[in-house]
């Protein structure tokens, strides 16, 4: 984004807190395709500990589009992940100043031109990192980081990541590798496995049942039968972090059979811990150093949101989908 353009947008942004100002947003609409439509909506009014940002880009997470909630009131602005420019800093003095480049998380409001975010849920993005691509960091990146931590010290261990071709999976492969683990990446097809060796996987398999030997930890993003198969591969004292259920299938495990002659360790359900600010800043730092690749597999104008959703649901996006709201710098 040219500097002059940023200046003009920042000046305009200061007026966007006026009551009644309308902005463009992708809003919940039960009659719309994917229960969404592009519409106008009131600009957000930031609270004392919130910064108002002009959104440059946001990302879709698989769970956001695959498990939409019909009961949301029409006009609600969904969205967790966004990156942009601070146009109004937090009134309480917390967080960055006007003009700062930031990536931010919240449980709603990301799919719009402007967003109010808690300052402990954002991270400053250095000039050397593409701002728009960082919209793919918050939920998927921090989920992977926290899930890998859940496995405990893994230096010299063998770790399995299921659903390794998705957003969380590609981050988990990299982060487990950085932590010193030998990473086995499980995917649904050879095509989905492309690029994972370059990200740090020692081996790529088509489903946990196809792997040989045992693992000391598992980051499972799939659920269903794959979670059951992964558990069967767990070594004594190992941990499975059950992160997601991309399969949309329940998991059935025969624990009587599993424990015959072997202690399989344990399964822990995973929920992301907030606020994300410090973890998000750590991931931005890794990206700046070139130690973490942000896996953007689809990127386009936000008016093409239907295409992005359909490709995500068909599992055709290797990593994350990023939608540009403004021209990135």
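The values are calculated or read from the model by the stated rules, or taken from the named source; none is laboratory data. This one's a predicted model, so the numbers in the text were calculated from it and none came from an experiment. Glycine also receives a Cβ, built like all others from the backbone with ideal geometry; neighbour counts cover every protein chain displayed.
Below are the figures for this structure:
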| item | result |
| --- | --- |
| Filtered residues of the stretch 289-308 (kept if within 18 Å of the chain's Cα centre (by Cα) and within 24 Å of residue 55 (Cα to Cα)) | 292, 293, 294, 295, 296, 297, 298, 299, 300, 302, 305, 308 |
| Count - residues of the stretch 27-49 that are touching a helix residue (DSSP H, G or I) at 6+ places or on another chain (Cβ under 7 Å) and farther than 11 Å from residue 74 by Cα | 4 |
| Matching residues in the stretch 155-178 - criterion: being in a loop (DSSP other than H, G, I, E, B) and crowded, with 21+ Cβ neighbours inside 10 Å | 163, 164, 165 |
| Subset tally (residues that are more than 28 Å from residue 190 (Cα to Cα) and free of Cβ contacts under 8 Å to residues at least 12 places away in the same chain) for the stretch 287-303 | 1 |
| From the options 256, 327, 306, 249, residue that is without any contact (Cβ under 8 Å) to a residue 12 or more places away in the chain and more than 20 Å from residue 140 (Cα to Cα) | 256 |
| Residue within the stretch 155-169 that is over 14 Å from the mean Cα position of the chain (by Cα), in contact (Cβ under 8 Å) with a residue 40 or more places away in the chain and on the phi > 0 side of the Ramachandran plot present | no |
| Options 201, 181: the member that is touching a residue at least 24 places away in the same chain (Cβ under 8 Å), touching a helix residue (DSSP H, G or I) at 6+ places or on another chain (Cβ under 6 Å) and surrounded by 15 or more Cβ atoms within 10 Å (Cβ to Cβ) | 201 |
| Checklist (1) farther than 21 Å from residue 135 by Cβ; (2) at pLDDT below 95 applied to residue 9, failing item | (1) |
| Filter result for the condition that a residue is surrounded by fewer than 21 Cβ atoms within 10 Å (Cβ to Cβ) and at pLDDT 95 or above, over 70, 48 | 48 |
| Residue count, the stretch 309-326 (criterion: more than 15 Å from the chain's Cα centre (by Cα) and either crowded, with 18+ Cβ neighbours inside 10 Å or not assigned by TED's automatic domain parsing to the domain that holds residue 130 (or both)) | 3 |
| For residue 150: the one exception among (1) under 30 Å from residue 46 (Cα atoms); (2) touching a strand residue (DSSP E or B) at 6+ places or on another chain (Cβ under 7 Å) | (1) |
| Count of residues meeting criterion [in a loop (DSSP other than H, G, I, E, B) and in contact with a helix residue (DSSP H, G or I) (Cβ under 8 Å, 6 or more places away or on another chain)] in the stretch 218-248 | 8 |
| In the stretch 69-90, residue farthest from residue 52 (Cα to Cα) [restricted to those that are in a loop (DSSP other than H, G, I, E, B) and under 21 Å from the mean Cα position of the chain (by Cα)] | 69 |
| Qualifying residues in the stretch 285-305 (those that are in a helix (DSSP H, G or I) and in contact with a strand residue (DSSP E or B) (Cβ under 8 Å, 6 or more places away or on another chain)) - the one nearest to residue 29 (Cα to Cα) | 305 |
